[in-house]
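Below: the structure, in structure tokens.
The values are calculated or read from the model by the stated rules, or taken from the named source; none is laboratory data. These numbers were taken from a predicted model, which means no experiment stands behind them. In this analysis, Cβ positions are derived from the backbone assuming ideal geometry, glycine residues included, and neighbour counts consider all displayed protein chains. Remember, those area values only see protein heavy atoms, side chains included, never the ligands or the DNA or RNA. Shrake-Rupley method; radii C 1.70, N 1.55, O 1.52, S 1.80 Å.
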Amino acid sequence: KELRERTGAGMMECKKALTESNGDIDAAAEALRKSGAAKADKKADRVAAEGRIAIASNGGKAVLVEVNSETDFVANDVNFKAFVDAVAAAALASGAADVEALKAVKLASGETVEETRATAIQKLGENIQIRRLVKIDGNNPVGTYVHSNGKIGVLVELAGGNAELASGLAMHVAAMNPPHNKAADVPADFVAKEKEIELAKMTDKDKAKPADILEKIISGKINKIISEVTLYGQSYVLDNDKTVEQAVKAAGGDVVGFQRLAVGEGIEKVVEDYAAEVAKAMQV
């Protein structure tokens, strides 16, 4: 029972480890940890595109971590949730710069994050990966938001303003996912490409208009596009009568920057055709 509580391994695995170590519980625990690491290596190639986002914050410091699992079932397991929360807390406390550095950080249990990950794989039976870590480390207040399903997390660094605005902006970024903060942050090549596209879409009649008129038409279209891809230009979700910029300035604030993570973005998920698998199995 003690070995199971220490390692999370199954009863038969614990019994075998204790037998092989002649009852030495420390040796048995070490053997099970090594076994867990081996199992983790075997599962490492399996696609892990589900999981959870967790936040840890303290004053002007905050971190977001994404930890992936193979299925939503495991992502909602209490042990997995506890592991993700512990990883976020360790990332904040340690100041780890990236995931590799985070893996070596020790948790309250005395095990490193990486050792605890291997144990979680052994216990939950799926590939588990700490995929991303992003943080804000300034002297400004940070608004935080994690969606109720744990799939989206946001940090917003706000100079001035107030806590209510910071929280609202974090919710806005979660919902609207703006690629950029302000117009000045939009890459010049993106703007040039959009101008080229808008010009190609115009009729010959419009293109024949005076240069200054044509420039105003194009500028109007580009400004609309920029408003759509910037936080400041978007209509504020908590007050549709204002843009985010207007809401921020009304509160005497300025958005320094933001971070947003969504579980599994960029990972190619494997779509299982269970009916085909069953049919194939019946033919064997």
Handout entry: Rounded to 10°, Cα long-axis angle of helix 113-124 versus longest principal axis of the chain
Key = 70 degrees
Problem - Calculated Cα Rg over 2.2 N^0.38 Å (choose from (i) 0.99; (ii) 1.34; (iii) 1.17), label - result: (ii)
Handout entry: Set of aspartates and glutamates with alpha-carbon distance to K242 below 18 Å, sequence-local pairs under 8 removed
Key = E164, E228, D254
Fill in the blank from the handout: Whole-Å distance linking the alpha carbon centroid of the range 150-192 with that of the range 54-122 is 25 Å
Fill in the blank from the handout: Among K61/K249; K1/K106; K15/K123, the pairs whose Cα-Cα distance exceeds 27 Å are none
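Please work out the Kirkwood hydrodynamic radius for the range 77-133, using every pair of different C-alpha atoms, and report it in angstroms with one decimal place.
When all Cα pairs of the range 77-133 are included, the Kirkwood radius is 11.3 Å.
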Handout entry: Mean separation of Cα contacts under 8 Å, 6 or more apart, over the residue count of the chain: relative contact order %
Key = 19 percent
Problem - Accessible surface, per residue, of the chain when the full set of protein chains is kept, probe 1.4 Å, Å² - result: 55 Å²
Completion exercise
Expected max-MSF residue from V186, V156, V113 in the GNM of the chain (alpha carbon, under 10 Å) is V186
Completion exercise
In degrees, nearest 10, the alpha-carbon axis of helix 211-228 is tilted away from the dominant principal axis of the alpha carbons of the chain by 30 degrees
Handout entry: Pair-distance profile P(r), taking every C-alpha pair of the range 115-168, with 10 angstrom steps and integer %
Key = 20, 33, 26, 17, 4
Problem - Approximate spin-label separation M202-Q246, in nm, with each point projected 7 Å along Cα-to-Cβ - result: 2.8 nm
